[in-house]
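> If you scroll down you'll find the structure; I have some questions about it.
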Amino acid sequence: MGVLPYAVTTYIGAVILLAVVLAALGWRMHPLNRDDIVPLVVLCVMGVLSESVRGSDVGPRTHLSFTSIVSLSSVALIGPFGAAVVGAVPHLLGFNKDRAQVRVFNCAMNSAHSAIAGFVYLRIGGLQVVGPDSGPQELLLRVGLPLMVADVALCLSNALILSGIVRLTQGTPIRRFVLGMLGTSGLAYIGYGLIGFLFVILWVPAGVGPFSAVLILAPLFAARWAFVQYGDEQRAHERTLRALVAAVETKDLYTRGHSERVALLCDLMAGSLSLSHQDTEALRFAGMLHDIGKLAIPTRVLRKAHGLSGAELASMATHPARGVEMVRDIEFLKGSIQAILYHHERMDGRGYPTGLSGEQIPLFARIIAVADAFDSLATSSSHRDAHTVEEAVAELRRRAGTQLDPAIVAALERALVRHVWQPTRLEPELMATAGRAFDHDDPAASDLMASPAHLESSTSGEATSELASAEASSEPATPDPALPEPNGANPFWAKETAP
Amino acid sequence: MTNRAKTPKIEVVLGVLATVLTLATLVAVGAQFREPAMFATLPIVGAFFVAMVMGEIFRVTLPGSRHTAPMATAAALAFAMTVNSGHGASAGYEGPLVVAVTAVAMAFGLIPNVIRGRPVRLPDLVNRLIGIAVAALLFRGLPISNGRTVLDLQASWRPYILALVMVVVSAIALTVEVSLMAAVRAARSHAPLLRTFRDEWRAAFGLSTALSATGALVALAERPMGLVAIPLFLVPLFLTQFAVRRQSAIRRTYRQTIRTLSRLTELGGYTEVGHASRVAALSMSMGHELGMSEREMLDLEYAALLHDIGQVSLTEPIPGGATVLAAPADQRRIAHDGAEIVRQTGVLENVAVILEAQTTPYRQVREFGEILPLSSRIIKVCNAYDDLTGNNSGRGGRDAAIERIHLGLGYEYDPRVVDALVRALARTDQ
């Protein structure tokens, strides 16, 4: 990372200037006196402490910024100038291993928004020196209320200044960034304001002084500790689930990594469908576990390349239900169960296990169906090479409306614009050891299994011949002109036969 | 596996103590309220009572299925340590009133939980009440200088000294509670007291720190703020409680997932149904017998649940899934594959180490001085026992299995572990 772009440097310069001007104004409005020195030092120490624990991971979607609590407490205890100093000091000391530019920017930004909160507090009549004899009502109205307003100002100015730099460096629109930030940490700021208020009360009216810091921080650090543990365990949990699912997949060599890729695709599509965090989580788990039921299908059937009898196809079709059986008892997967059960349903109602159609199919199941088909096409198999992303998408588009939901296919296309996807090419050695196998996720297999005639004619052998023909015709090495071409509605098979 | 049949002696003693304490303090309070001056304390008493009942309703389960009610405890501690504010409401009550009101609040808080069918563990409540009684005694009852209590003396102290004293009093009260909890647990699980005490502290430390600070916080803030202080100053603790709740929820989830994954080999037809969970349950009670700590027990449980996961790498299942009947080389390969699979997670290294060594015969330790984790030795014995009993879980099957294990004593199996197996089995009979 060398020189920053001109615009970014200018922006950082402007923020520094703003911070200096605000601090100077703060000094004019309310200069520090001798009594302010102890609170200033204690608050700076608290700020440094908070800053030193910031950034260590506390789990997704959990923001715990004690820095804001420190800023707000300084606003009421020592005024805008003091708040500006307390906002700047932790970053100057540089506990985090941020780059110098980042540190300078954070320093200026925190100083500036703390000072702004300080001005707002004074402007709307917040008491600067909180007397030890004030009654509860006065404390609530003249300290608590102004502090909450200052809190809002702090939150907003923080979001605005930050959005500028994010716009310049990452191109995120300001509006979206500000709204996003208010959405994720807006509620937390109310808590910060409240805790800052408690700290001020404890310090002056209750007369506890610097020791207040210990009393207030103890429950907060305990909370932080628990959040960190939570984050660790959550990551451990997800990794465990992923690794063990991958291990189970070894039974079926061709699908190695398939679940993980489907989970990733689901994650990407959740982004373009703007699903909530919780939904995304449930969808990802469903993607990871959608084929877990295959473990209950005899290896003999899974490793069979062609010539699956109707009965064998029918047994294959039980895997969604078997999967649900396996994971039903896991509480956190409650949101994923439906998706696992119905991920082989088709829009035209010819899917399995129940033949739901259109909107009847749960959204998550429709998403997984698309991810599943896409990954199958973009992975090499025993009878053909992997499709390129464009070919795979084109094929999905052809199937939109019959097998797949057009809206979801469109969502996948949008996701693939933003993220590069590499088709999965299995190594020849692996393919040699694995032999040939029937890929139930291949859209062609969906067509095959969709035809009730095939499932019923378990003894007549028709299904067998058609699948075999599909396999054979798609494999350039062993062309067999004696077998009929697969039906014309499915031109991609024909196209793929060309070497 | 806990025994429901027999209540350990210590629980009976504590229960009687708490009952006597409650009744005695109720009588004392009744006598005190003959004086009209006591009625001035009602606003404060009422406010704390409400806070305690609410806190009791919203309790928390800590990792390791420990039930506690942080908000209620903090409110009770603050109640025990509140001093006269001069803002109308009087705090001129004595220690017995604190104990009596806390006991009644606990009883009230129980009602919704009982109605909702949640498990109620009386020892937890009893120990908590005794802890609060200790706080009330230290702050309001015990004469520390010329027959004067902390409450009498504090008027001349600087507020921060008072704050410090409050934190210390809370810490002592919570230490008493945690120690009693450890004693109860040790008696229940037949584990050594010292080890249980250490486990108990490890689980409770974070929350206890927050609690002793919050108790002091509320008591101190009551002076300038009046009754509003009670809900307001419990807010930071609410955050702690929320975090702790999330933490124990994810622990539970993790366990559930491992349990489910342990069944995957069963559903795939590799192992017999219920084998993994039986081995896990038996391993756990043997771990207790052998005095393992809670951390070690968690690894042991996971390893026991996943001990057959290596079988998924087999093309064809072993008949009946019984690894004890497989050739030693195959056993080792399965163990190795299982360890590799678990190692892939990147977070279960301890479990992988246990799995790796689960088939190593005990003589390797004696003859070559190899280091063999105790957990591996336990799983080896449990696995053999469960495979050998097979479908015959009655007395006969059990004795036959033990006999066969005894044949491999010292050579294949660790005698100490086999003894623990025999003891654990005998205990389930009681």
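The values are calculated or read from the model by the stated rules, or taken from the named source; none is laboratory data. Given the structure is predicted, the values throughout are model-derived calculations rather than measurements. Cβ coordinates were reconstructed from backbone atoms using ideal geometry, including for glycine residues, and neighbour counts include every protein chain displayed. With ligands, DNA and RNA removed, areas are computed over all heavy atoms of the protein, side chains included. Shrake-Rupley method; radii C 1.70, N 1.55, O 1.52, S 1.80 Å.
> Need the failing condition index for B:Gly131 against (1) surrounded by fewer than 21 Cβ atoms within 10 Å (Cβ to Cβ); (2) modelled with pLDDT of 85 or more, just the number.
The number of the failed condition is (1).
> Restricting attention to the range B:325-361, and to residues there that are within 29 Å of the chain's Cα centre (by Cα) and more than 13 Å from chain A (Cβ to nearest Cβ), which single residue is modelled with the lowest pLDDT?
B:Gln358
> Need a quick list: helices (runs of 4 or more DSSP H) entirely within the range A:136-219 having at least 2 residues that are open to solvent by 10 Å² or more (accessible area, probe 1.4 Å) and within 13 Å of chain B (Cβ to nearest Cβ). Break it down into steps so the answer makes sense when it comes.
Details: elements: A:136-139, A:145-170, A:174-203.
It comes to A:136-139, A:174-203.
> A further question follows. For the range B:186-240, give me each residue that is of a type in the set (D, E, K, R) and out of contact with any Lys or Arg (no Cβ under 9 Å at 6 or more places or on another chain). Walk me through it before giving the result.
So in the range B:186-240, the residues of a type in the set (D, E, K, R) come out as B:188, B:195, B:198-200, B:202, B:222-223.
The answer is B:Arg188, B:Arg195, B:Arg198, B:Glu222, B:Arg223.
> Answer yes or no as to whether A:Gly257 is modelled with pLDDT under 85, touching a strand residue (DSSP E or B) at 6+ places or on another chain (Cβ under 8 Å) and more than 8 Å from chain B (Cβ to nearest Cβ). Break it down into steps so the answer makes sense when it comes.
Details: modelled with pLDDT under 85: yes; touching a strand residue (DSSP E or B) at 6+ places or on another chain (Cβ under 8 Å): yes; more than 8 Å from chain B (Cβ to nearest Cβ): yes.
Yes, satisfied.
> If the requirement is being touching a Gly at 6+ places or on another chain (Cβ under 9 Å), assigned to a helix (DSSP H, G or I) and farther than 30 Å from A:Gly207 by Cβ, which of these qualifies: B:Arg195, B:Arg202, B:Arg128, B:Arg140?
Working: B:Arg202 fails: touching a Gly at 6+ places or on another chain (Cβ under 9 Å); B:Arg128 fails: touching a Gly at 6+ places or on another chain (Cβ under 9 Å); B:Arg140 fails: farther than 30 Å from A:Gly207 by Cβ.
Within the list B:Arg195, B:Arg202, B:Arg128, B:Arg140, the selection yields B:Arg195.
> Condition first: of a type in the set (A, V, I, L, M, F, W, C), more than 8 Å from chain A (Cβ to nearest Cβ) and closer than 22 Å to B:Val167 by Cβ. Now tell me which residues in the range B:212-227 satisfy that. Steps first, please.
In the first step, residues of the range B:212-227 are kept if they are of a type in the set (A, V, I, L, M, F, W, C); the result is B:213, B:216-221, B:225, B:227.
Now restrict to residues that are more than 8 Å from chain A (Cβ to nearest Cβ): B:218-219, B:227.
B:Val218, B:Ala219 - these are the residues of the range B:212-227 that are of a type in the set (A, V, I, L, M, F, W, C), more than 8 Å from chain A (Cβ to nearest Cβ) and closer than 22 Å to B:Val167 by Cβ.
> For residues that are surrounded by fewer than 17 Cβ atoms within 10 Å (Cβ to Cβ) and assigned to a loop (DSSP other than H, G, I, E, B), scanning just the range A:1-48, find the one that is nearest to the chain's Cα centre (by Cα).
A:Met1
> Within the range A:340-359, does at least one residue satisfy the condition of being touching a helix residue (DSSP H, G or I) at 6+ places or on another chain (Cβ under 6 Å) and within 14 Å of another protein chain (Cβ to nearest Cβ)?
yes
> Suppose we filter the range B:144-182 for residues that are away from chain A (no Cβ under 14 Å), assigned to a helix (DSSP H, G or I) and open to solvent by 20 Å² or more (accessible area, probe 1.4 Å); how many remain?
Counting residues in the range B:144-182 that are away from chain A (no Cβ under 14 Å), assigned to a helix (DSSP H, G or I) and open to solvent by 20 Å² or more (accessible area, probe 1.4 Å) gives 10.
> Same structure again: If you go through the range B:31-48 one residue at a time, how many are open to solvent by less than 50 Å² (accessible area, probe 1.4 Å) and not small (Gly, Ala, Ser)?
7
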